[in-house]
Amino acid sequence: MAKVKFTAGRIDSYKCEDGKNQSFLWDAAAPGLGLRATANGAKSYMFQAKLNGQAIRVTIGAPGTWTIPEAQAEARRLKVITDNGKDPRIQKAEIQADQAAKRAVSRQVATPAIDAWEAYLKARTPRWSARSLLEHERLNDAGGKNKTRGRKKGESDTTLPGVLRPLLALPLKQIDADRVRQWLQDEVRRPTVAMSAFVRLRAFLNWCATRPEYKHQAHADACATRTARDELPKPSVKDDCLQREQLLLWFDAVRKVSNPVISAYLQSLLITGARREELAELQWDDVDFQWGALSIRDKVEGSRTIPLPPYVAHLLAALPRRNQWVFSSPTAESGRIQEPRTAHNKALDVAALPHLTIHGLRRSFGTLSEWVECPAGVVAQIMGHKPSAIAEKHYIRRPLDLLRMWHVKIEAWMLEQAAIDFVPVTPGLRVVAAA
């Protein structure tokens with residue numbers, strides 16, 4: 001093939017021959033360097049050589065990008081590679097792949113763990129209840145929202161960031177054992193909250209370790225059980241609970257609370273054993289006065305139906321129907337009760353009773369139920385606890401009528417201890433207050 005000295009004029013004027021898809025002009029100075037011109041007018045420098053008895057071609061670049069000396073230098077470099085028995089195309093592909101891998105690693109290191117966290121929540125949502133999803137979302141909440149519940153003296157009016165937010169703001173690769181240990185040390189003032197978040201963080205990192213896009217940057221061993229055990233004090237077990245002899249004073253003080261909605265709410269919490277938010281979220285559509293039933297949004301199972309005992313039915317029937325909420329509030333933005341602790345604490349002070357949390361009322365229901373020798377499985381089903389025995393878990397699911405029989409006994413016993421004269425109307429389930 002004829003070779004010519006490459007000049008700017010020859011390069012600019014060279015065109016593809018008529019009737020052909022492409023034509024080549026070869027350089028006399030640099031071995032293997034050619035100029036390819038196509039029928040559509042495109043031009044590019046290319047290198048051609050023989051390797052292992054076969055011709056190979058490598059595109060160098062367009063004349064507008066490469067000068068003639070640069071193209072000649074690149075052709076000589078490629079010639080050295082082929083003379084050493086190597087394929088420059090393979091070398092180029094390997095270099096590109098290595099660069100792409102480095103860029104991917106760089107992106108992974110720079111990507112906050114929150115991206116993986118959001119993917120984790122999306123993947124697990126079908127398996128979680130709405131309550132579980134909400135609890136995970138709160139772990140990374142930005143905070144700064146106005147509090148809907150009361151605050152202690154000296155506290156901010158806005159919510160704090162989620163407990164996992166400091167970790168999830170980091171690159172996933174940086175959440176290692178040392179970082180988790182430091183985080184636990186910062187959260188030592190609230191060990192119960194920290195331990196709960198620690199368990200969820202461990203599940204998240206284990207999930208990341210199984211995902212191809214995260215496994216090379218996730219430290220699955222960052223949340224070893226001994227780490228939390230070493231850094232956090234043992235959470236104290238709450239034991240606040242009403243005693244039998246305290247029921248008279250407690251009911252007397254709570255029934256005198258000036259706000260009838262809060263008064264009914266507190267009494268209903270004790271008698272039903274429901275969780276705080278389960279009862280606060282009760283809507284009128286969830287109350288069946290005719291058949292004596294309450295449909296509660298269970299945080300574990302999603303929902304559960306429990307009996308509506310006569311005295312609780314009487315309390316609810318007397319409440320104002322301002323909106324869809326049973327325990328409504330004309331001042332709360334949500335339209336329902338938000339903070340019953342203030343009124344409850346005042347009632348405890350009036351009755352000269354020891355401090356009792358709102359959750360302590362639920363604990364009191366479970367404890368006081370033993371006075372009527374109610375089966376533990378009945379109490380657990382009413383309270384929404386998971387069955388603890390094989391028979392309870394797989395074979396026993398009591399109908400509402402059977403639960404009601406025991407629930408009415410529990411309520412009647414509590415009212416008896418509180419010296420409350422209440423006579424439900426019989427037959428039937430509707431109730432009225434005694435004269």
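The values are calculated or read from the model by the stated rules, or taken from the named source; none is laboratory data. Quick caveat: nothing in here was measured; it's all calculated off a predicted structure. Ideal geometry is used to build each Cβ from the backbone, glycine not excepted, and the neighbour counts take in all protein chains shown.
The residues on offer are Arg103, Arg77, and the sole one that is closer than 30 Å to Cys208 by Cβ and part of a helix (DSSP H, G or I) is Arg103. Could you tell me whether the range 202-221 includes any residue that is crowded, with 21+ Cβ neighbours inside 10 Å, in the same structural domain as Leu348 (by TED's automatic domain parsing) and not in a helix (DSSP H, G or I)? Checked against the condition, which is being crowded, with 21+ Cβ neighbours inside 10 Å, in the same structural domain as Leu348 (by TED's automatic domain parsing) and not in a helix (DSSP H, G or I), the range 202-221 yields no hits at all. Residues in the range 111-136 that are in contact (Cβ under 8 Å) with a residue 60 or more places away in the chain and not in a helix (DSSP H, G or I) were compared, and the one that is nearest to the chain's Cα centre (by Cα) is Ser129. Of all the criteria given as (1) within 52 Å of the chain's Cα centre (by Cα); (2) in the same structural domain as Ala8 (by TED's automatic domain parsing), the one not satisfied by Glu70 is (1). The set of residues from the range 5-34 being polar (S, T, N, Q) and touching a residue at least 12 places away in the same chain (Cβ under 8 Å) comprises Thr7, Asn21, Gln22, Ser23.
With exposed (fewer than 13 other Cβ atoms within 10 Å of the Cβ), among the β-branched types (Val, Ile, Thr) and not in a loop (DSSP other than H, G, I, E, B) as the only criterion, which of Thr367, Thr342, Thr331 stands out? Before you say what the answer is, go through the steps one by one.
Numbers: Thr367 fails: exposed (fewer than 13 other Cβ atoms within 10 Å of the Cβ); Thr331 fails: not in a loop (DSSP other than H, G, I, E, B).
None of the other options fit; the residue is Thr342.
Looking at the structure I just gave you, is Ala197 at pLDDT 90 or above and in the same structural domain as Ser364 (by TED's automatic domain parsing)?
On the way: at pLDDT 90 or above: yes; in the same structural domain as Ser364 (by TED's automatic domain parsing): no.
Judged against the criteria, Ala197 is not a match.
Looking only at residues in the range 137-165 that are modelled with pLDDT of 85 or more, part of a loop (DSSP other than H, G, I, E, B) and hydrophobic (A, V, I, L, M, F, W, C), the one that is nearest to Phe204 (Cα to Cα) is Leu164. Residue-level check: of (1) of a type in the set (S, T, N, Q); (2) surrounded by 14 or more Cβ atoms within 10 Å (Cβ to Cβ); (3) more than 18 Å from Glu135 (Cβ to Cβ), Ser196 misses just (3). Sort out which residues of the range 35-78 are farther than 21 Å from Thr7 by Cβ, touching a residue at least 24 places away in the same chain (Cβ under 8 Å) and either out of contact with any helix residue (DSSP H, G or I) (no Cβ under 8 Å at 6 or more places or on another chain) or not aliphatic (A, V, I, L, M) (or both), and write them in order of number. Lys50, Asn52, listed by residue number.
Across the range 300-325, which residue is surrounded by the most Cβ atoms within 10 Å (Cβ to Cβ) among those that are β-branched (Val, Ile, Thr) and modelled with pLDDT under 95?
First, pick out the residues of the range 300-325 that are β-branched (Val, Ile, Thr): 300, 305-306, 312.
If we keep only those that are modelled with pLDDT under 95 as well, we get 300, 305-306.
Working: Val300: 12, Thr305: 15, Ile306: 23.
So the residue we want is Ile306.
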